[in-house]
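Here is the structure we will look at.
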Amino acid sequence: MKYRNMKSDDINGVHEVEVSCFSDPWSLSAFKDELKNKLARYIVAENEDGKIVAYIGAWYILDEAHITNVAVHKDFRGQKIGDEMMCKFIEKCERDRLASITLEVRKSNIVAQNLYKKYGFLNGGLRKEYYGDNKEDALIMWKQLREVF
């Protein structure tokens, strides 16, 4: 598996992953906009056939990364790709000298929560009815990378 920064040629593949994972997926144009967004950082996982099978996206806001999406195509789950993507992303944030990483995750998504906990994310709050498709609550999770003071 090859992990690298997303480029414009990857948008269709990233969108295919998105549609395979989420009941309320981002549009193709949303990903095009993200490539123009100076705050956005995306890493993709590309298999040996050149197919995009996963991605992670975040916005860098001051000294914090806010993860917007983590997705592994449904046909490629169970191969530790999400695990490796999270590891690579945390390493990138550390190289970029960020202080923390935050994200929201569905309260029912125990698999994702366990992955985040494995990498030191802690529960930091709750966003009531955060998800528009079914009004599910989101857990807010944080990872401290370094002290800011």
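Go through (1) on the phi > 0 side of the Ramachandran plot; (2) modelled with pLDDT of 95 or more and name the single condition E94 misses.
The one condition E94 does not meet is (1).
Could you list all residues from the range 1-21 that are acidic (D, E) and touching a Pro at 6+ places or on another chain (Cβ under 9 Å)? Please lay out each step first, then the result.
Initially, the range 1-21 is screened for residues acidic (D, E), giving 9-10, 16, 18.
Scanning the range 1-21 gives a single hit, E18.
Got a number for residues in the range 22-33 being touching a residue at least 24 places away in the same chain (Cβ under 8 Å) and buried (at least 17 other Cβ atoms within 10 Å of the Cβ)?
Selection size over the range 22-33: 1.
Which of the strands (runs of 3 or more DSSP E) found entirely inside the range 43-122 contain at least 3 residues meeting this: touching a Lys or Arg at 6+ places or on another chain (Cβ under 8 Å)? Give the steps one after another, and end with the answer.
Details: elements: 52-61, 64-72, 100-106.
Fully inside the range 43-122 and qualifying: 52-61, 100-106.
Scan the range 69-104 residue by residue and report those that are in contact with a helix residue (DSSP H, G or I) (Cβ under 8 Å, 6 or more places away or on another chain) and surrounded by fewer than 19 Cβ atoms within 10 Å (Cβ to Cβ).
Step one: list which residues in the range 69-104 are in contact with a helix residue (DSSP H, G or I) (Cβ under 8 Å, 6 or more places away or on another chain), which gives 69-75, 82-83, 86, 101, 103.
Passing the criteria: K74, D75, D83.
Inside the range 86-98, can you point out the residues that are under 15 Å from the mean Cα position of the chain (by Cα) and more than 16 Å from A40 (Cβ to Cβ)?
So in the range 86-98, the residues under 15 Å from the mean Cα position of the chain (by Cα) come out as 86-93.
Answer for the range 86-98, where residues must be under 15 Å from the mean Cα position of the chain (by Cα) and more than 16 Å from A40 (Cβ to Cβ): M86, C87, K88, I90, E91.
Does D63 fit the bill of being farther than 24 Å from N134 by Cβ and loosely packed, with under 13 Cβ neighbours inside 10 Å? Walk me through how you get there before you give the answer.
Values: farther than 24 Å from N134 by Cβ: yes; loosely packed, with under 13 Cβ neighbours inside 10 Å: no.
Considered against the rule, which asks whether it is farther than 24 Å from N134 by Cβ and loosely packed, with under 13 Cβ neighbours inside 10 Å, D63 comes out as no.
The values are calculated or read from the model by the stated rules, or taken from the named source; none is laboratory data. Since we're looking at a predicted model, the values are computed, not measured. Cβ: placed from backbone, ideal geometry, glycine included. Neighbour counts: every protein chain shown.
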